[in-house]
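Peer 1: Got a structure for you, questions after.
The values are calculated or read from the model by the stated rules, or taken from the named source; none is laboratory data. Note that this is a predicted model, so its numbers are computed, not measured. Positions of Cβ are backbone-derived with ideal geometry, glycine not excepted, and every protein chain shown enters the neighbour counts.
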Amino acid sequence: MDYYQTITKLITAGRAAALVTVLDSNSNQSVFGKTVVTGEGDVIYNDLDLGMTDQVKNLVVATIKSGHSQIIGISSEQGKDRQIFIHVFSPSPRLIILGGGHVGAALCQMGSQLDYEIILLDDRPSFANQISHPHAHRLICEPFERALAQIEPSSSDYIVIVTRGHKHDRICLEKALGREAVYIGMIGSRRRVSAQLKDLAESGYSEEQLSRVYSPIGLSIGAVTEAEIALSILAEITRVRRSSSSGEAIQYEVLQTLVRLEESSEQAVLATITNTKGSTPRKTGTQMIIYPDGSLKGTIGGGCAEAEVRREALHCFDHGQTGQVRLKLTADAAADEGMACGGLVDIYLELLPFISPEIL
């Protein structure tokens, strides 16, 4: 079943969803059920060996709304107590860059490492193409007014206005203020931006609307070069993003790899953090892929603890079964082991390709 391809399609369409996995409680079997449930309660690929009762579905939907992955203990219709892991996938925040010049290019490149869906707009073909911006997920080459109209508004948008002139800034800012967005920032000197805001106020925009504009844009770090300016902007966006949500960002590189593994049926072990307690470098839902040769895709925090998970994953290949790892590190032990912090981390190791119980 194409679980991760389905998840990818849903979040790309702006829909939250969860991948529900029945966890192996005694590590002597390798196949358990999975299902995909959308935030609206639609059930896709129902392979759960305990059935998808209304009670289970309601628990999953409530977990999706909370935005936090978690393990839940339930009883099946046959009276068996089981644990399910509800891995929540929410639509990614979008970094909408208005302007494909030097600062826009630097934002595009850096933003790609921060798990944003990057959309870049420019009205010049030479500045809105895949060669100039290989890290952009979507490029729109249209006049700014028409280009913005092609993007459905979202409450998880971060809009950065870095066009080449006052006229384009004004158009972009007016359109941005009419949208639901977490962040709207416009580059420019204090005098230039103040003049724009004053003019907008005189045109009827309220103080509340104009207060949404971050200006001067970016954190004050003494930025001079285009890359430094992009760094200061993304630092400010990160502060805004994390002040409103502490959830773990979707690991798009890992998710794309999982889609490819589904298509190729290539062997791998998927390590998923199913529970954390205390201070941990990564949160519940973080995933890492381990290949038979020991190479990795993604990270669960690095250090010697990650090496231990890799060793256990190689044992899964040898024995053909799932596994579970509990990393228990005090603050002192974490420092000794090369981890960034202490805490308790539970990790579930799953053999890929996953085989549905229905075809056994």
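Peer 1: Please tell me if Leu98 is closer than 30 Å to Ile184 by Cα, modelled with pLDDT of 90 or more and touching a Phe, Trp or Tyr at 6+ places or on another chain (Cβ under 8 Å).
Peer 2: yes
Peer 1: Oh, and also: Could you look through segment 323-338, keep only residues that are touching a helix residue (DSSP H, G or I) at 6+ places or on another chain (Cβ under 6 Å) and at pLDDT below 60, and pick out the one that is surrounded by the fewest Cβ atoms within 10 Å (Cβ to Cβ)?
Peer 2: Gly338
To keep it simple, each residue is scored yes or no on (1) crowded, with 16+ Cβ neighbours inside 10 Å; (2) within 21 Å of the chain's Cα centre (by Cα).
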| site | (1), (2) |
| --- | --- |
| Gln256 | no, yes |
| Val259 | yes, yes |
| Glu263 | no, no |
| Gln267 | no, no |
| Ile273 | yes, yes |
| Thr276 | yes, yes |
| Thr280 | yes, yes |
| Gly285 | yes, yes |
| Ile300 | yes, yes |
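Peer 1: Could you tell me which numbered condition Glu306 fails, if it satisfies all but one of (1) crowded, with 20+ Cβ neighbours inside 10 Å; (2) in contact with a strand residue (DSSP E or B) (Cβ under 7 Å, 6 or more places away or on another chain)?
Peer 2: Only one criterion is unmet by Glu306, namely (2).
Peer 1: Pick out the one residue from Ala201, Ala149, Ala181, Ala128 that is within 17 Å of Glu117 (Cβ to Cβ), more than 24 Å from the chain's Cα centre (by Cα), of a type in the set (A, V, I, L, M) and at pLDDT below 95.
Peer 2: Unique residue meeting the criteria: Ala128.
Peer 1: Quick check on my filter: what residues within segment 225-245 are in contact (Cβ under 8 Å) with a residue 40 or more places away in the chain, out of contact with any Pro (no Cβ under 7 Å at 6 or more places or on another chain) and not polar (S, T, N, Q)?
Peer 2: Scanning segment 225-245 gives Glu226, Ala227, Ile229, Ala230, Leu231, Ile233, Leu234, Glu236, Ile237, Val240.
Peer 1: Sort out which residues of segment 303-328 are without any contact (Cβ under 8 Å) to a residue 40 or more places away in the chain and not aliphatic (A, V, I, L, M), and write them in order of number.
Peer 2: Gly303, Cys304, Glu306, Glu308, Arg310, Arg311, Glu312, His315, Asp318, His319, Arg326, Lys328
Peer 1: If you check Ile290, Ile250, which single one turns out to be touching a strand residue (DSSP E or B) at 6+ places or on another chain (Cβ under 9 Å), modelled with pLDDT of 95 or more and within 23 Å of Val20 (Cα to Cα)?
Peer 2: The match here is Ile290.
Peer 1: Please work out which one of (1) at pLDDT 95 or above; (2) in contact with a Pro (Cβ under 9 Å, 6 or more places away or on another chain) is the condition Cys341 fails and give its number.
Peer 2: Of everything listed in (1) at pLDDT 95 or above; (2) in contact with a Pro (Cβ under 9 Å, 6 or more places away or on another chain), Cys341 misses just condition (1).
Peer 1: Right, another one. Going through segment 123-162 one residue at a time, which ones are in a strand (DSSP E or B) and either within 23 Å of Arg242 (Cα to Cα) or outside the structural domain of Cys108 (by TED's automatic domain parsing) (or both)?
Peer 2: If the condition is that a residue be in a strand (DSSP E or B) and either within 23 Å of Arg242 (Cα to Cα) or outside the structural domain of Cys108 (by TED's automatic domain parsing) (or both), then Asp157, Tyr158, Ile159, Val160, Ile161 are the ones that fit.
Peer 1: From (1) at positive phi; (2) surrounded by fewer than 16 Cβ atoms within 10 Å (Cβ to Cβ), pick out the condition that doesn't hold for Glu142.
Peer 2: Going through the list (1) at positive phi; (2) surrounded by fewer than 16 Cβ atoms within 10 Å (Cβ to Cβ), Glu142 breaks only (1).
Peer 1: Give Ile300, Ile273 a once-over and let me know the one that is touching a residue at least 40 places away in the same chain (Cβ under 8 Å) and assigned to a strand (DSSP E or B).
Peer 2: After ruling out the rest, the residue left standing is Ile273.
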